[in-house]
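**Q** Below are the structure tokens for one structure; questions will follow.
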Amino acid sequence: MGLPRFDLAICADRVGTLRTDLGLCLQVEHGPEAMANADLIIVLPAEDGPLTLPAPVEEAIVDAHRSGAVIAAYCTGSFLLAGTGLLDGRRATTNWYLAAQLVRRHPAITVEPDVLYVDEGQVITGAGGAAGIDMCLHLLRREHGPAVSNAVAREGMVAPRHGSGHPQYLPSPSDAAPLTGTGDEADRLADLLAWARTRLHQPMTVNDLARQALMSSRTFARRFRAATGTTPYAWLAAQRLDRARELLETTDLSIQAITARAGFPSSNVLRAQFTKHHGVSPSAYRNAFQQAP
């Protein structure tokens, strides 16, 4: 297809047959020494603990980084990368429900739980599993341009581009991963999220959410972050952006109508926020979505 070609090597702390957490057997032909000549190293996520790297792998990653390699990781792979110290003093992300855990384990990292990926130049981290695709497409776009990235996206039948600020999916209260906290408190917060999602078109502040949860604003903000891994304001903003994106994809409503239904004060605010988080205007996003295969 005229696209760049890549040499791919799968490395582990030892060569031989590796049984993955899916039960599949993978033949690993390279040890950590193969990373010495790498331009890009992707640290894959692991399902089971402990979320630490064997010493030879950690040393190989740090040495490759010193030599100029780009290091990327996503989901629980961000924990593995954090253990090398390469994320200290940097911004990073992981799956939204693991964000609070990453903060506790590695306080030197500025964790951003509301984005799909964080580009810190030579170090990049992504959120959950599917966000790894967005992270890799971003790397292709950054290193080889949008034509290459879009061609790969078309071949893989995925969205051509999600901006780094595209909010992570936050499940509804009935989903399998519950909010953390005591039973009554978790139920109250779950009810609150469901209540807020049905009222995105109405003016709503963090104080309004706190009153609905029967908490003081300070207590509510603290417990909300502990339960969801994000702030009430960031969650509300992400929900409104997600509603606007959904309406752009599924309706022919005007931008003004979408502005009102998603709860933005004006279409200019919607355009500014949408462009900031998605990299394109609402109209351009709709056009790209309608033209995608």
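**Q** At q = 0.15, 0.23 Å⁻¹, what base-10 log of I(q)/I(0) does the Debye formula yield for the stretch 29-129 when every alpha carbon is treated as an equal point scatterer in vacuo?
**A** Results for the stretch 29-129 at q = 0.15, 0.23 Å⁻¹ read -0.53, -1.22.
**Q** If you build the convex hull over the alpha carbons only and average its shadow over all orientations, what do you get for the stretch 204-293? Give it in nm² to one decimal.
**A** Mean projected area for the stretch 204-293: 6.6 nm², to one decimal.
**Q** Now a separate question. Considering the chain as a Gaussian network with a 10 Å cut-off on Cα pairs, which listed residue, Ala69, Ala34, Ala237, attains the greatest mean-square fluctuation?
**A** Ala34
**Q** Projecting each Cα onto the charge dipole of the chain (Lys/Arg +1, Asp/Glu -1 at the beta carbon, about the Cα centre), which of Pro56, His144, Asn207 comes out farthest on the positive side?
**A** Of the candidates, Asn207 comes out farthest on the positive side.
**Q** DSSP beta bridges in the chain, what fraction antiparallel, as a percent rounded to 5? Before the final figure, lay out each step's value.
**A** Details: 7 of 18 bridges.
Of the beta bridges lying entirely in the chain, close to 40 percent run antiparallel.
**Q** Let me see the P(r) profile for the stretch 198-251: every Cα-Cα distance counted, bins of 5 Å, each bin given as a percent of all pairs.
**A** Taking every Cα pair in the stretch 198-251, the percentages come to 4, 19, 27, 22, 14, 8, 5, 2.
**Q** Which cross-chain or sequence-distant (5 or more) residues have an amide H under 5 Å from the amide H of Glu120, H modelled 1.01 Å from N in plane?
**A** For Glu120, whose amide H was placed from the backbone, the distant partners under 5 Å are Thr125.
**Q** Further question on the same structure: Could you rank Cys136, Cys75 by how accessible they are, 1.4 Å probe, largest area first?
**A** Correct descending sequence by accessible area is Cys136, Cys75.
**Q** Continuing with the same structure: Among DSSP bridges having both ends in the stretch 6-106, what percentage is antiparallel? Round to the nearest 5. Can you show the working numbers first?
**A** Values: 4 of 9 bridges.
Once the DSSP bridges in the stretch 6-106 are tallied, antiparallel ones form about 45 percent.
**Q** Right, next: Which three lengths, in whole Å and largest first, does the chain cover when its Cα atoms are put on their principal axes?
**A** Principal extents (Cα only, largest first): 57, 47, 35 Å.
**Q** How large is ³J(HN,Hα) for each residue in the stretch 112-120, as worked out from phi by the Karplus curve 6.51 cos²θ - 1.76 cosθ + 1.60 (θ = phi - 60°), to whole Hz, x for Gly and Pro?
**A** Each residue's phi maps through the Karplus curve to give 10, x, 9, 10, 7, 7, 10, 9, 10 Hz.
**Q** What is the calculated FRET efficiency for Glu59 to Glu249, with r their C-beta to C-beta distance and R₀ = 41 Å, to the nearest 0.05? Could you put the intermediate results ahead of the total?
**A** On the way: r = 46 Å, r/R0 = 1.11.
For Glu59 and Glu249, the calculated efficiency is 0.35.
**Q** Treat every Asp and Glu Cβ in the chain as -1 and every Lys and Arg Cβ as +1, leave all other atoms uncharged, and give the resulting dipole magnitude about the Cα centre to the nearest 20 debye.
**A** Details: 27 positive and 29 negative charges, 258 e Å.
Its charge dipole is roughly 1240 debye.
**Q** Taking springs between alpha-carbon atoms closer than 10 angstrom, which of Leu236, Leu189, Leu214 fluctuates most in the Gaussian network model of the chain?
**A** With Cα springs under 10 Å in the chain, the top fluctuation among Leu236, Leu189, Leu214 is at Leu214.
**Q** Evaluate the Kirkwood expression for the hydrodynamic radius of the stretch 2-62, namely the inverse of the mean inverse distance over all pairs of different C-alpha atoms, and round to one decimal in Å. Before the final figure, lay out the partial values.
**A** On the way: mean 1/r = 0.0772 Å⁻¹.
Evaluated over the stretch 2-62, this radius sits at 13.0 Å.
**Q** Now a separate question. Of the accessible area of the stretch 1-91, with the probe set at 1.4 angstrom, what percent is carbon plus sulfur?
**A** The computed percentage sits at 51.
**Q** Would you mind calculating the gained length between Leu3 and Tyr233 on full extension (0.36 nm times residue separation, minus the Cα-Cα distance), in nm to one decimal? Don't skip to the end; give the middle numbers.
**A** Values: separation 230, 0.36 × 230 = 82.80 nm, distance 4.19 nm.
Result: 78.6 nm gained on full extension.
**Q** If you don't mind, there's one more thing I want to ask. Heads up, I need the accessible area for Ser67: 1.4 angstrom probe, whole protein in place, Å², nearest 10.
**A** Surface accessible to solvent at Ser67 totals approximately 90 Å².
**Q** For the chain, what does the relative contact order come out to in percent, with C-alpha contacts under 8 Å and a separation of six or more?
**A** On the way: 432 pairs, mean separation 34.0, N = 293.
Taking the mean separation of contacting Cα pairs over the length of the chain, I get 12 percent.
**Q** Among Leu247, Leu44, Ala99, whose Cα projects farthest towards the positive end of the dipole of the chain, with charges put on the beta-carbon of Lys, Arg (+1) and Asp, Glu (-1)?
**A** Of the options given, the answer is Leu247.
**Q** Which residues among the stretch 123-142 fall inside the zone where the amide N is under 15 Å from a point 7 Å beyond the Cα of Val158, along Cα→Cβ?
**A** So the set is 125-142.
**Q** Between Asn37 and Ala194, what is the label-to-label distance in nm when each label sits 7 Å out along the Cα-to-Cβ direction?
**A** Modelled inter-label distance: 5.8 nm.
**Q** Could you pull the accessible area for Trp195 with a 1.4 Å probe, rounded to 10 Å²?
**A** Per-residue accessible area (Trp195): approximately 60 Å².
**Q** Which one, Pro282, Pro54, Pro113, has the greatest fluctuation when you compute a Gaussian network model over the chain with C-alpha springs under 10 angstrom?
**A** Comparing Pro282, Pro54, Pro113 in a Gaussian network model of the chain, the most mobile one is Pro54.
**Q** Check Ile42: other-chain or 5+ apart residues with amide H under 5 Å from its amide H, H built from backbone geometry?
**A** Ala72
The values are calculated or read from the model by the stated rules, or taken from the named source; none is laboratory data. Owing to the predicted nature of the structure, the values given are computational and were not obtained by experimental measurement. Positions of Cβ are generated from backbone atoms using ideal geometry, with glycine treated the same way; all protein chains shown enter the neighbour counts. Accessible surface is based on the protein model in full, side chains and every heavy atom, while ligands, DNA and RNA are left aside. Shrake-Rupley method; radii C 1.70, N 1.55, O 1.52, S 1.80 Å.
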